[in-house]
1. Work out how much length A:ARG44 to A:ILE60 would gain on full extension: take 0.36 nm times their residue separation and subtract the Cα-Cα distance, in nm to one decimal.
2. To the nearest Å, what is the center-to-center distance of the stretch B:74-93 and the stretch A:1-72, using C-alpha atoms only?
3. List the lysines whose Cα sits under 25 Å from the Cα of B:LYS3, skipping any in the same chain fewer than 8 residues away.
4. Apply the Karplus curve 6.51 cos²θ - 1.76 cosθ + 1.60, θ = phi - 60°, to the phi angles in the stretch A:63-71 and return the couplings in whole Hz, x for Gly and Pro.
5. Once R0 is set to 22 Å, what does the formula 1/(1 + (r/R0)^6) return for the Cβ-Cβ distance between B:MET59 and B:SER9, expressed as a FRET efficiency to the nearest 0.05?
6. Sorting A:ARG44, A:ARG68, A:ARG14 by accessible area (1.4 Å probe), largest first, what list results?
7. I want to check the label-to-label distance for A:SER7 and A:ILE77. Put each point 7 Å from Cα in the C-beta direction and report it in nm to one decimal.
8. Could you look at the protein assembly as shown and say what percent of its accessible area is carbon and sulfur, using a 1.4 Å probe and all protein chains?
Amino acid sequence: DVKVTQSSRYLVKRTGEKVFLECVQDMDHENMFWYRQDPGLGLRLIYFSYDVKMKEKGDIPEGYSVSREKKERFSLILESASTNQTSMYLCASSLSLYDRTSGNTIYFGEGSWLTVV
Amino acid sequence: DAKTTQPPSMDCAEGRAANLPCNHSTISGNEYVYWYRQIHSQGPQYIIHGLKNNETNEMASLIITEDRKSSTLILPHATLRDTAVYYCIVGMNSGNTPLVFGKGTRLSVIA
């Protein structure tokens, strides 16, 4: 089974802190994604990456950056955390956007609940 | 923006079939229909996807209308553990376009 592991399930950080959310997948997937989920707003895509060292902005990239130095690892960075970034963050991966049988089937991690105080 | 329309909530009696509808009238010819679900406080879970033919797996069946403008996810014998938010998504099966999640349908299975 595909496993997407997010390093922290619950975090509490102070306003202005730099925050790293780490995600690792074990199935050699090419694509990785970071979403955030807020009540009433559903899942919103922050950034995604379809290759090592590649990144693409999603719908709400402001205030975030990402890093993908290795294929299996995708990090989300909050350069200076703010209270409006309190949310549940979900990492996901998919095999390949060019694999026609399962290319866009996405596998999610369990989520990281971040509270910024 | 999501390209699908789903009812915000539905109830289903335990043991009965749960039929979750989805409208996707603007679907293009090479877009697939995907279904995911999210149980409270967990990440979304892939259920099934299809292009034009009906599909079935161990979790559910997907019925897509002939004109592909709507589909129905069927959970044949709903259990309490099927209580979740169900997302219907249309998107490409290849290319650089990630799936866009809408707000889904909150299914409550009632004993």
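1. 5.1 nm
2. If we compute the Cα centre of each part, the gap is 24 Å.
3. Answer for B:LYS3, where 25 Å is the Cα cut-off: A:LYS55, A:LYS57, B:LYS52, B:LYS69, B:LYS103, listed by chain and number.
4. Using θ = phi - 60°, the values come out as x, 10, 9, 9, 9, 9, 8, 10, 4 Hz.
5. Computed FRET efficiency for B:MET59 and B:SER9: 0.60.
6. A:ARG14, A:ARG44, A:ARG68
7. So the two model labels end up 1.2 nm from each other.
8. Ligands and nucleic acids excluded, carbon and sulfur reach 49 percent.
The values are calculated or read from the model by the stated rules, or taken from the named source; none is laboratory data. Remember, it's a predicted structure, so these values are computed and weren't measured experimentally. Heads up, the Cβs are rebuilt from the backbone with ideal geometry, glycines too, and the neighbour counts pull from every protein chain shown. Side chains included, ligands, DNA and RNA excluded: accessible areas come from the protein's heavy atoms. Shrake-Rupley method; radii C 1.70, N 1.55, O 1.52, S 1.80 Å.
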